[in-house]
Amino acid sequence: MEIERKYLVRELPEALESYPSHCIEQGYLCTSPVVRIRRQDEEYWLTYKSKGLMVREEYNLPLTREAYEHLRPKTDGILIVKTRYLIPLTDSLTAELDVFHDDYEGLLLVEVEFSTEDDANAFTPPEWFGEDVTFSAAYHNSTLSRGTAG
C-alpha cells in the first residue's frame with residue numbers, strides 16, 4: 001500500500017546537490033490500471049498501481065536491463081525523465097523531490113510517503129513546498145506521460 005502526499009514546489013531547498021539523488025526514466029505500458037517500467041540508476045522495475053489519489057495499492061517487480069530495454073519501445077506517450085533528490089524531513093519522513101527534464105523541463109514535484117492515512121492527513125509541509133496536488137490526478141506521472149497534465 002502506498003500512502004503519499006504530493007506538492008508542487010515553491011522554491012528549491014538550499015544545497016540541493018548535497019542530497020542523495022537518482023536518475024529516473026519511466027514509461028507506461030498502460031495508464032488504467034497503471035503499469036509502468038522504470039530505470040532508477042542501474043535498477044529496473046515493473047510496477048502496478050491501482051486507482052486512487054492519496055492511497056493506492058502498489059506492487060514492484062524487478063526487471064533485468066534486457067527486459068526493460070525490450071519493453072521500453074512498447075510504452076505509450078511521453079517517456080518521463082527526472083532526477084529524484086531524497087531530502088530528510090524528520091527521522092521517519094523523507095521528501096522525494098523530482099526535478100523533471102526533457103518534455104517537462106521546469107516541473108518540480110515533491111512527494112512524501114507515510115505509514116498511515118492519519119499521519120498523511122496530519123502532515124504539515126515545510127515552507128519550500130507549494131500547492132498540495134495530492135487529490136489531483138493531473139500530476140500523476142501516468143497522466144504526465146499522456147501529455148495531459150495541468
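Okay, helix-only estimate at 222 nm for the chain: each DSSP H run of n ≥ 4 adds -39500 (n - 2.57), divide by all residues, round to 500 deg cm²/dmol; what do you get? Can you show the working numbers first?
Values: 3 runs with 18 residues, N = 150.
Calculated at 222 nm, the ellipticity per residue is -2500 deg cm²/dmol.
Would you tally the net charge around Ser21, using a Cβ to Cβ cut-off of less than 12 Å, leaving Ser21 out, and scoring K and R as +1, D and E as -1? List each step's numbers first, then the result.
Values: positive: Lys82, Arg84; negative: Glu17, Asp41, Glu96, Asp98.
Counting the neighbours of Ser21, the net charge comes to -2.
Please work out which option in (i) 12.8; (ii) 10.6; (iii) 8.7 gives mean projected area of the Cα convex hull in nm² calculated from these coordinates, and answer with its label.
Among (i) 12.8; (ii) 10.6; (iii) 8.7, the one derived from this structure is (iii).
Using the Cβ atoms and a cut-off under 11 Å, what net charge is assigned to the surroundings of Tyr44, where Lys and Arg are +1 and Asp and Glu are -1? Spell out each step's value before the answer.
Details: positive: Arg38, Arg39, Arg65, Arg72; negative: Glu25, Asp41, Glu42, Glu43, Glu66, Glu69.
Computed value for this residue: -2.
So, counting K/R as plus one and D/E as minus one, what does the shell of residues with Cβ under 14 Å around Phe100 add up to? Don't jump to the answer; show the numbers that get you there.
On the way: positive: Lys6, Lys82, Arg84; negative: Glu25, Glu96, Asp98, Asp102, Asp103, Glu105, Glu111.
Taking every Cβ under 14 Å from that of Phe100, the sum is -4.
Across the stretch 13-27, in residue order, what do the Karplus-derived ³J(HN,Hα) couplings come to in whole Hz, using 6.51 cos²θ - 1.76 cosθ + 1.60 with θ = phi - 60° and x for Gly and Pro?
With the stated coefficients, the stretch 13-27 comes to x, 5, 6, 3, 5, 7, 8, x, 9, 9, 8, 10, 10, 9, x Hz.
Just Tyr48, Tyr19, Tyr68 to compare: in a GNM of the chain, with alpha carbon springs under 10 Å, which one fluctuates most?
Tyr19
Listed highest first by mean packing, meaning other Cβ atoms within 10 Å per residue, what order do 118-124, 53-59 come in? It would help to have the intermediate numbers written out before the result.
Details: 118-124: 11.7, 53-59: 14.0.
Most protected by this proxy first, the peptides run 53-59, 118-124.
Show me the ranking of peptides 126-132, 6-12 by mean Cβ neighbours inside 10 Å, starting with the highest. Intermediate results must be reported in sequence, preceding the final value.
Working: 126-132: 14.3, 6-12: 16.1.
Result, highest mean Cβ count within 10 Å first: 6-12, 126-132.
Every number here is computed from the coordinates shown, using simple stated rules; none is lab data. Everything quoted here is computed from the prediction, not taken from an experiment. No Cβ is skipped: glycine too gets one built from the backbone with ideal geometry, and neighbour counts run over all protein chains shown.
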